[in-house]
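Asker: Here you go, one structure.
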Amino acid sequence: MTDTPVPTLYDWLGGIDALNRLTERFYQRVKDDPLLAPVFAHMSGEHPAHVAAFLGEVLGGPPSYSEQHGGHLSMIRHHLNKHLTQEQRRRWMALLLDTADQLQLPDDPEFRSALVGYLEWGSRLAVINSQPGADVTEDAPMPKWGWGEVKGPYVGQ
């Protein structure tokens, strides 16, 4: 038995360089998607890098997003009143995971299970937070995701 520490999901997928490749390619593809293009029609050129930094922090990387962009509350605020649908969420998931496959991000079952777990959890929260009257908790903590996260039920804040 070895004492090798278990890498973070961030390290396992290849760090910020891999996440930047993923988000750049993904948002290029979003522009051509009839269901998602309208949602992101006004995104800034910096959006892919911001999402990469957010995902990196969530998956165990450095706290770049919190330090430079305001943490989880900032991300929540970007979704307020966007009126996202489950159909858009499912397309976002499918396109992002397909992009990960195209870029040959790790596809071992343990990593993909953890990644999909976070993306499902996070994208469903984004839909909830995008609806009219969504209640935002001012001290929303930055999610931290590892190899086997289990969260309790969402009961609102």
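Quick note: the coordinates plus some simple rules give every number you see, no bench work behind them. None of the values given here were measured: they were computed from a predicted structure. Backbone-built Cβ (ideal geometry, glycine too); neighbour counts: all protein chains shown.
Asker: What number comes out for the charge environment of residue 19, summing +1 per Lys or Arg and -1 per Asp or Glu over other residues with Cβ under 12 Å away?
Answerer: -2
Asker: Once the dipole of the chain is set up with Lys and Arg at +1 and Asp and Glu at -1 on Cβ about the Cα centre, which of 102, 16, 80 lies farthest towards its positive end?
Answerer: Positive-end residue among those listed: 80.
Asker: How high is the FRET efficiency between residue 29 and residue 135 when r is their beta carbon distance and R₀ equals 35 Å, given to the nearest 0.05?
Answerer: The computed FRET efficiency comes out at 0.60.
Asker: What 222 nm value per residue comes from the helices of the chain, counting each DSSP H run with n ≥ 4 as -39,500 (n - 2.57) and dividing by all residues, nearest 500 deg cm²/dmol? Walk me through the numbers before you get to the answer.
Answerer: Values: 7 runs with 86 residues, N = 157.
After summing the helix terms and dividing by the residues of the chain, the value is -17000 deg cm²/dmol.
Asker: About the Cα centre, and with charges only on the beta carbon of Lys, Arg (+1) and Asp, Glu (-1), how big is the dipole of the chain? Nearest 20 debye, please.
Answerer: For the chain, the charge dipole is close to 520 debye.
Asker: If I stretch the segment between residue 69 and residue 81 completely, what's the gain in nm (0.36 nm per residue apart, minus their alpha carbon distance), one decimal?
Answerer: On the way: separation 12, 0.36 × 12 = 4.32 nm, distance 1.97 nm.
Result for the pair: 2.4 nm of gain on full extension.
Asker: Here is a follow-up. May I ask which residue of 41, 93, 119 lies farthest towards the positive end of the charge dipole of region 9-129, with charges of +1 (Lys, Arg) and -1 (Asp, Glu) on Cβ and the Cα centre as origin?
Answerer: 41
Asker: Pull out the extension gain between residue 103 and residue 116, defined as 0.36 nm times the separation in residues minus the alpha carbon to alpha carbon distance; nm, one decimal. All intermediate terms of the calculation are to be shown ahead of the outcome.
Answerer: On the way: separation 13, 0.36 × 13 = 4.68 nm, distance 1.62 nm.
Stretched out fully, the residue 103 to residue 116 stretch lengthens by 3.1 nm.
Asker: Next up: Counting pairwise Cα distances across region 9-129, what percent come out greater than 18 angstrom?
Answerer: In whole percent, the long-distance tail amounts to 51.
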